Each structure stands twice: as structure tokens, then as C-alpha cells.
1. With a 1.4 Å probe and all protein chains left in place, how much accessible area per residue does the chain have, in Å²?
2. Taking a label point 7 Å from the Cα of Y97 along the Cα→Cβ vector, which residues of segment 36-79 have an amide N closer than 16 Å to it?
3. How far, in nm, would the chain grow between K78 and Q42 when pulled straight, counting 0.36 nm per residue and subtracting the alpha carbon separation?
4. Let me spell out the model: positive unit charges on the Cβ of Lys and Arg, negative unit charges on the Cβ of Asp and Glu, origin at the Cα centre of the chain. What dipole size does that give, in debye rounded to 20?
5. Could you check how much of the accessible area of the chain is carbon and sulfur, as a whole percent, using a 1.4 Å probe?
6. Given H placed on each backbone N at 1.01 Å, which residues far from T30 in sequence or on other chains put an amide H within less than 5 Å of it?
7. If you count the DSSP beta bridges with both ends in segment 10-92, what percent of them are antiparallel, to the nearest 5?
Amino acid sequence: MDSEKLTAQGELAMSVDGQVLVIEGEGPATLDLVMTYQKNVQSYREQILPSPWVSLVLLRGTPLVTSESIDILTETIKQAKSMQLKATAVVLVDIQYAEIVQLFWQTIFDSAGIKYRFFESEKGAREWLNSIIASC
């Protein structure tokens, strides 16, 4: 499993586990962090392609995104969808203001047109993602 950790205010780590792109984020996603994510995520996607794939997002702390980052993230997710991303599962781990965080990310995922669900455990999220991959 290849893994990389990026830091700029918040923290972000990415890895690939089979047909799952795992993204771990902690704290606020500044514009610098989002730009670094956008620059580096392609190499992780290429490890999975051309197969259909899913993403598992594990969020900790206060994972809000700055307003200038919203459009960038939405476009990045739209691009992922065009590259066979089938669904995203989000696990909120020790989140401050969970309801606000969930609404915020729902807006981004809805705008990107991607299938998604929120989970309280990584196990439940992986089970759902596995069912999505199995149906492809």
C-alpha cells in the first residue's frame, strides 16, 4: 500500500487498498492543502485504473474547507467520477460540529453528482463500498 502525507494547516494522507482510494483528513482544508491534494491524487487514481473504484474518506477534527476551495474540490470529484469513481463513503471520526461538517460535504458531493454515504465506523463504510464494487 503506497501512502503519502501532506501538511498545510490541516493534514491529508492518501493510499490505495485494492479498488479503494483511502483519503484521511484532519483539520481545516486550506486552499494550499486542496491544491496539493489535486496535484497528487492523480497518481493514486492511476494505481486503480482502469477498474471501477470507490473512495473511503476518514475525517477528523474540524474538516471544513475554505470557500475558495469548494469549487476546486467539486471539480476534482467530478473528474474522479469521469474516471470510474462509483461512490464515496465518509467516516466522521471525533468530529467537531459533525452536523455542519456533514452538510458542508453533502453540498460538495451533490454538486459533483457522486453517490455517497456517511458512516460512524470504517467497517460499515468498507462494507458498503465493497457492495458497490461487487455490483460493477
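1. Each residue of the chain exposes 51 Å² on average to a 1.4 Å probe.
2. From segment 36-79, the list is 60-70.
3. Extra length from K78 to Q42 when fully extended: 11.7 nm.
4. 440 debye
5. On the chain, the fraction of accessible area on carbon and sulfur atoms equals 49 percent.
6. It is G10, by chain and number.
7. Antiparallel bridges make up about 30 percent of those DSSP assigns within segment 10-92.
The values are calculated or read from the model by the stated rules, or taken from the named source; none is laboratory data. Source: prediction; values computed, not measured. Methodologically, a virtual Cβ is constructed for each residue, glycine included, from the backbone with ideal geometry; neighbour enumeration extends over all protein chains shown. The area values use the complete protein model at the heavy-atom level, side chains included, leaving out ligands, DNA and RNA. Shrake-Rupley method; radii C 1.70, N 1.55, O 1.52, S 1.80 Å.
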